[in-house]
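Please read the structure below before turning to the comments.
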Amino acid sequence: MPAIRVQNLSKEYVIGGRPRAHETFREMLADAFLSPYRRYRRLGGDASREERFFALKDVSFEIAPGEVVGIIGRNGAGKSTLLKVLSGITEPTAGRVELTGRTSSLLEVGTGFHQDLTGRENIFLNGALLGMSQAEIREKFDDIVAFSEVEKFLDTPVKHYSSGMYVRLAFAVAAHLEPEILIVDEVLSVGDAKFQQKCLGKMEDAARSGRTVLLVSHNMTAVRSLCSRAIWLDSGSIVMDGDAGAVSAAYLESNAKIALEQIWENPDTAPGNDRIRIHRVSIGPDGEGSTGGLSVATPLRLAFEFWNRAPSAQLNLSMVLYDIHNVCIFNSFSEPRPYPEGLVRGICHIPGNLLNDAKYRVRLLIVEDTSVPLVDLDSLAFFEIRETERPGKWYGKWVGVIRPRLEWETECLSPIGK
């Protein structure tokens, strides 16, 4: 029997129109009488005011007990909506969901936490919301605290916690519930490398013990290493379902376009966390007068701008370059130094005649004290290097992940007949 069965699942939202705030009983009563008319108006096509939008559309799949499945896709693909429906937070518009066994969900940082309660109090509150008894929470309390690494701040109200402390405590409570089904949304995007490894280990332990894990992540490396299977969503529908390596490779291939610049104007919603937020990523030819596309001979300039909210930290940027087959081409990093609070720019220069003709993706880490990643953003940008004219008459693919133009010396040491 499947641990999770999803049949023809759809979730529709209506966007547009004026939301109503009920201040009196009379307004609530009037709204109840008018609801059928509003529903008729939506279905009747008043498109100038309201629009129907399917976050999920006719999604079907089954997950066996003990499977670790990654849900991947771009922002707005329907991943988080799917997890909310599976977790019982959102009712589907159509279709059916069946879950076999106790389910624990970690969908957003601090879900179920009360801002004015301490970490200790929120462990009991959050554990109760997830279905744990008081005796069960007490039995596992020390393990939860040790895993979360917030022992020093256990009696501090969580409103003073950083996002990293929030997610460590929330994941610790959810993971120690020992559910049959664990649903996790982007927990690996927060925390340092050590904590992320602990999360991976905990989910691997859950899978080995026969529990089912459903993981949403933009980190394709984590999906490939942790999951045996992946489901790729786009525009609310399943594009591909199968082996995690094959699905993630196809997903990266589809995104490997020439995305030479991305800008996030709002520092509160940009990629990152409460200490670092990305503002701009740009890729282009290096040097004045450089024009045209990116060829194997083009020197490249990769610029990263970020809002720094960690002014006392020693920071360095680390850029990892992958091809679409997830082969790491190289990792380059800047010298560590403190930066003032504000907008910071780092630039990596890549010489021409180094990269082969291929499509590439950029992973950026901003690291504190050369050892603790404050942010780790995979697939932050994509670009393509194209072939140029080359000597000779062979036009096949140039083998190798790089193709540097190295200095050669040749000479004839002993001519025949001399």
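The values are calculated or read from the model by the stated rules, or taken from the named source; none is laboratory data. This is a predicted model, so every value here is computed, not measured. Cβ placement follows ideal geometry from the backbone for every residue including glycine, while neighbour counts extend to all protein chains displayed.
Check off (1) under 26 Å from the mean Cα position of the chain (by Cα); (2) modelled with pLDDT under 85 for LEU99 and give me the number that stays unchecked.
LEU99 satisfies all of (1) under 26 Å from the mean Cα position of the chain (by Cα); (2) modelled with pLDDT under 85 except (2).
Using the structure shown, decide if ARG229 is of a type in the set (Lys, Arg), closer than 28 Å to GLU98 by Cβ and either at pLDDT 85 or above or touching a His at 6+ places or on another chain (Cβ under 6 Å) (or both).
On the way: of a type in the set (Lys, Arg): yes; closer than 28 Å to GLU98 by Cβ: yes; either at pLDDT 85 or above or touching a His at 6+ places or on another chain (Cβ under 6 Å) (or both): yes.
For ARG229, the condition - of a type in the set (Lys, Arg), closer than 28 Å to GLU98 by Cβ and either at pLDDT 85 or above or touching a His at 6+ places or on another chain (Cβ under 6 Å) (or both) - is met.
So which residues in region 212-244 are part of a loop (DSSP other than H, G, I, E, B) and in contact with a Gly (Cβ under 7 Å, 6 or more places away or on another chain), if there are any at all? Steps first, please.
To start, the set of residues in region 212-244 that are part of a loop (DSSP other than H, G, I, E, B) comprises 217-219, 227-228, 235-236.
Answer for region 212-244, where residues must be part of a loop (DSSP other than H, G, I, E, B) and in contact with a Gly (Cβ under 7 Å, 6 or more places away or on another chain): SER217, CYS227, GLY236.
When the residues of region 307-360 are filtered to those that are under 20 Å from the mean Cα position of the chain (by Cα) and more than 19 Å from GLU384 (Cα to Cα), which remaining residue is surrounded by the most Cβ atoms within 10 Å (Cβ to Cβ)? Step through it out loud before you land on a result.
Here is the first cut: in region 307-360, the residues under 20 Å from the mean Cα position of the chain (by Cα) are 307, 317-328, 360.
Add one more test, that the residue is more than 19 Å from GLU384 (Cα to Cα), and what stays is 307, 317-318.
On the way: TRP307: 18, LEU317: 21, SER318: 18.
Among residues in region 307-360 that are under 20 Å from the mean Cα position of the chain (by Cα) and more than 19 Å from GLU384 (Cα to Cα), the one surrounded by the most Cβ atoms within 10 Å (Cβ to Cβ) is LEU317.
Name the residue that is surrounded by the most Cβ atoms within 10 Å (Cβ to Cβ), counting only residues in region 214-258 that are among the charged types (D, E, K, R) and over 16 Å from ASP323 (Cβ atoms).
Among those that are among the charged types (D, E, K, R) and over 16 Å from ASP323 (Cβ atoms), it is ARG229.
Can we say THR269 is in the same structural domain as LEU365 (by TED's automatic domain parsing) and crowded, with 16+ Cβ neighbours inside 10 Å? Write out each step before concluding.
Working: in the same structural domain as LEU365 (by TED's automatic domain parsing): yes; crowded, with 16+ Cβ neighbours inside 10 Å: no.
No, not satisfied.
Go through region 251-289 and count every residue that is modelled with pLDDT of 85 or more and of a type in the set (A, V, I, L, M).
Matching residues across region 251-289 total 6.
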